[in-house]
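S.K.: My questions will all concern the structure given below.
The values are calculated or read from the model by the stated rules, or taken from the named source; none is laboratory data. Quantities reported herein were computed from a predicted structural model and do not represent experimental measurements. FYI the Cβ positions are ideal-geometry reconstructions off the backbone, even for glycines, and counts take in every protein chain you see. For the accessible areas, the whole protein counts, side chains as well, though only heavy atoms, and no ligand, DNA or RNA atoms are used. Shrake-Rupley method; radii C 1.70, N 1.55, O 1.52, S 1.80 Å.
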Amino acid sequence: MSNTSYDIAIIRGDGIGPELCESTVKVVEACGVNIRWHDAPMGKAATESHGHCLPVESLETVRLHRYALKAPLIAEKISGGVRVEDDQGSRHYPSVNNAVRRELLTYANVRPVVGFEGVSGKYREMDLVIVREVSEGIYIGMEEERDKDTGWTIKQTTRSGSERIGRFAFDYAKRSGRKKVTACHKANVLHKTDGLFLSTVRDINCEFLAIDFEDLMIDAACYHLIKNPVSFDVAVMPNQYGDIFSDVAAGLVGSMGLAPGANIGDDYAFFEASHGAAPDIAGKGIVNPVSLILSAALLMEHLEENDAALRVRRAVSAALGQQRFHTPDLGGRATTSELTDAICINLEDGK
Ligand code: ATP
């Protein structure tokens, strides 16, 4: 175990966010990685405490420490979205989560989906990594009401954005010993956007000839995911497809509560559960904390604390292997703290 200590920002978030953070901080402590956490409030909680859902000082805290653990934020419901103003000028985003990603220039949203013995049934062998482009696509917030019966939106795809995410996906596959990259798209209909994405990613493949490459229409990809989930290894796709595909994959392995994620850019990265703030179950003590705990494992890998990351994954698998630690989203009756404590005990026991 390394003696290094780290300073990492923490965004405790809204809804189930604070509960997820409490469990995750406990697990990180139990695995022996020394992290000093620095609060960077965002979302509804920050609107209440700072008068803005994305305070400039919170973004500065994340930039200072470069990495953050982030719980879900409640999406801005007001029309007009989120405006960020600083000495660089004024920028506008459609939601607070979108704003954080784009302010920190994290363009790759990495969402591993792994099945668990005792939880995921016939999807227990699933082990894929979704690499979702999050700096462009259809969520750039360029939407307008043409007249009261017609809405328009712009989907932006650039060669540079496609090259960047394509290279990220192949490089990720190479670094993590994976064998294949699948590009998912709808290039048969969206020739100028998804067509550009596909041809660009295909070209990048020439730099990584040891990695197999295939492409699939996103609708066919959903079909294959359900029929033959092990056929996927790394799947790279534009923003909205990745958003939806990753929720489908999480549902197949058993719960949104098992789905971790990382948002990675050239300078900053933050690690967050793939799901939202789930206000319906907040404060009841029944949240499944595994999504954020596994996001912390991705953070540890990013810090090159690979042994700790592996131990956390094993401790989670061992806990999920016992039905008595299943939270209600997995069909059980365990509380968040019972599952968290089981993971911590497994870590201490070296399970
Ligand atoms: P958003 O609109 O921000 O995507 P949401 O709350 O509408 O967020 P999700 O958070 O994606 O939707 O989740 C949908 C449902 O899945 C939640 O309402 C909740 O019941 C369940 N869920 C999500 N995360 C968890 C979790 N960690 N543990 C248990 N159940 C969860």
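S.K.: Restricting the search to segment 334-351, which residues are within 13 Å of the ligand (Cβ to nearest atom) and either open to solvent by 60 Å² or more (accessible area, probe 1.4 Å) or assigned to a loop (DSSP other than H, G, I, E, B) (or both)?
M.R.: 334, 335
S.K.: For residue 190, indicate whether it is over 21 Å from the mean Cα position of the chain (by Cα), of a type outside the set (Gly, Ala, Ser), surrounded by 16 or more Cβ atoms within 10 Å (Cβ to Cβ) and not in a helix (DSSP H, G or I).
M.R.: Details: over 21 Å from the mean Cα position of the chain (by Cα): yes; of a type outside the set (Gly, Ala, Ser): yes; surrounded by 16 or more Cβ atoms within 10 Å (Cβ to Cβ): yes; not in a helix (DSSP H, G or I): yes.
Considered against the rule, which asks whether it is over 21 Å from the mean Cα position of the chain (by Cα), of a type outside the set (Gly, Ala, Ser), surrounded by 16 or more Cβ atoms within 10 Å (Cβ to Cβ) and not in a helix (DSSP H, G or I), residue 190 comes out as yes.
S.K.: Being surrounded by 15 or more Cβ atoms within 10 Å (Cβ to Cβ) and closer than 22 Å to residue 123 by Cβ narrows it down to one residue among 225, 198; which is it?
M.R.: None of the others qualify; the one that does is 225.
S.K.: If you don't mind, another one. Counting only residues that are within 14 Å of the ligand (Cβ to nearest atom), give me the helices (runs of 4 or more DSSP H) lying completely in segment 211-329 with at least 1 of them.
M.R.: Details: elements: 218-227, 239-253, 290-302, 306-320.
Here the list reads 239-253, 290-302, 306-320.
S.K.: Of all residues being more than 18 Å from residue 339 (Cβ to Cβ) and not in a loop (DSSP other than H, G, I, E, B) in segment 1-26, which is farthest from the ligand (Cβ to nearest atom)? Just the residue, please.
M.R.: Within segment 1-26, the match that is farthest from the ligand (Cβ to nearest atom) is 5.
S.K.: Would you check if residue 43 is within 16 Å of the ligand (Cβ to nearest atom), touching a strand residue (DSSP E or B) at 6+ places or on another chain (Cβ under 9 Å), open to solvent by less than 10 Å² (accessible area, probe 1.4 Å) and at positive phi?
M.R.: Against the criterion (within 16 Å of the ligand (Cβ to nearest atom), touching a strand residue (DSSP E or B) at 6+ places or on another chain (Cβ under 9 Å), open to solvent by less than 10 Å² (accessible area, probe 1.4 Å) and at positive phi), residue 43 qualifies.
S.K.: So which residues in segment 271-297 are surrounded by 24 or more Cβ atoms within 10 Å (Cβ to Cβ) and of a type in the set (A, V, I, L, M, F, W, C), if there are any at all?
M.R.: If the condition is that a residue be surrounded by 24 or more Cβ atoms within 10 Å (Cβ to Cβ) and of a type in the set (A, V, I, L, M, F, W, C), then 271, 273, 287, 290, 292, 293, 294, 296, 297 are the ones that fit.
Each row is one residue, and each column tells you yes or no for (1) touching a His at 6+ places or on another chain (Cβ under 9 Å); (2) farther than 21 Å from residue 14 by Cα; (3) β-branched (Val, Ile, Thr).
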site	(1), (2), (3)
248	no, yes, yes
263	no, no, no
279	no, no, no
295	no, no, no
299	no, no, no
313	no, yes, no
324	no, yes, no
338	no, yes, no
346	no, yes, no
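S.K.: Just give me the residues in segment 2-14 being touching a helix residue (DSSP H, G or I) at 6+ places or on another chain (Cβ under 6 Å) and open to solvent by less than 30 Å² (accessible area, probe 1.4 Å), in sequence order.
M.R.: 8, 9, 14
S.K.: Another question, if that's okay. Could you run through segment 27-52 and say how many residues are at pLDDT 95 or above, part of a helix (DSSP H, G or I) and touching an Asp or Glu at 6+ places or on another chain (Cβ under 8 Å)?
M.R.: Of the residues in segment 27-52, 1 are at pLDDT 95 or above, part of a helix (DSSP H, G or I) and touching an Asp or Glu at 6+ places or on another chain (Cβ under 8 Å).
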